[in-house]
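Chemist: My questions will all concern the structure given below.
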Amino acid sequence: MTATDRSLELIHTAAQAAADKLAHDVIAYDVSDVLSITDAFLLASAPNDRQVRAIVDEIEERLLKELGAKPVRREGDRESRWILLDYVDIVVHVQHSEERVFYALERLWKDCPELDLPADAKATRGKAAEHAELQAAEADQEPGGEW
């Protein structure tokens, strides 16, 4: 079994919304063969809690406005380190970059087919590593170290 057309439509819209809010490393997997509860997972990350919330809000707004889809469940708002949006057909995971590395959901789903995403979403691949390198370089250049 493969992801339905509706699931793919939701994934594409959500991925574009995430990319528009500067999410890092947007990727989607067709999990329909291994899970009976959903067709696809979308993973995205951001370097801070505020951006995690902004990405989630944009995804929710776009899916409602463009496709009339509301999540049946939203979890993780309090800490904003990992917010999950459950649309039944798809599940969206937006994680703080540290949680993304620690939990490594890609490892869990690596045997599932990767779904094709819009070009803007594909362009986010590797952004988390670029951001980490930039921050490390900036920290090295600060005179006097930490305050």
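Chemist: Karplus couplings for region 31-46 from phi (6.51 cos²θ - 1.76 cosθ + 1.60, θ = phi - 60°), rounded to Hz, Gly and Pro as x?
Modeler: For region 31-46, the Karplus curve yields 9, 5, 6, 10, 10, 9, 8, 7, 8, 8, 10, 10, 10, 8, 9, 8 Hz.
Chemist: I'd like the orientation of helix 127-141 relative to the chain: the angle between its Cα long axis and the longest Cα principal axis, in ° from 0 to 90, rounded to 10.
Modeler: 10
Chemist: Next question. Springs between alpha-carbon pairs under 10 angstrom, Gaussian network model over the chain: which of His131, His96, His12 fluctuates most?
Modeler: His131
Chemist: Sticking with this one: Could you work out the relative contact order of region 5-141, using alpha carbon pairs under 8 angstrom and six or more residues apart, expressed as a whole percent? Spell out each step's value before the answer.
Modeler: Working: 246 pairs, mean separation 44.1, N = 137.
About 32 percent, as a whole number.
Chemist: Compare Leu67, Leu85, Leu22 in a GNM of the chain, Cα atoms joined below 10 Å, and give the one with the largest fluctuation.
Modeler: Fluctuation is largest for Leu67.
Chemist: Among Glu66, Glu114, Glu58, which one shows the highest mean-square fluctuation when the chain is modelled as a Gaussian network with alpha-carbon springs under 10 Å?
Modeler: Glu66
Chemist: Same structure again: Which value, in Å to one decimal place, does the Kirkwood hydrodynamic radius take for region 50-119 when every pair of different Cα atoms is included? The partial results should precede the final answer.
Modeler: Numbers: mean 1/r = 0.0758 Å⁻¹.
Kirkwood hydrodynamic radius for region 50-119: 13.2 Å.
Chemist: Counting each DSSP H run of 4 or more residues in the chain as -39500 (n - 2.57), what helix-only mean residue ellipticity at 222 nm follows after dividing by all residues, to the nearest 500 deg cm²/dmol? Don't skip to the answer; put the middle values down first.
Modeler: Working: 6 runs with 66 residues, N = 147.
Taking each H run of at least 4 residues, the total per residue is -13500 deg cm²/dmol.
Since every read-out is calculated from the coordinates, none of them should be taken as a lab result. Since the structure is predicted, the reported quantities are computational estimates derived from the model, not experimental observations.
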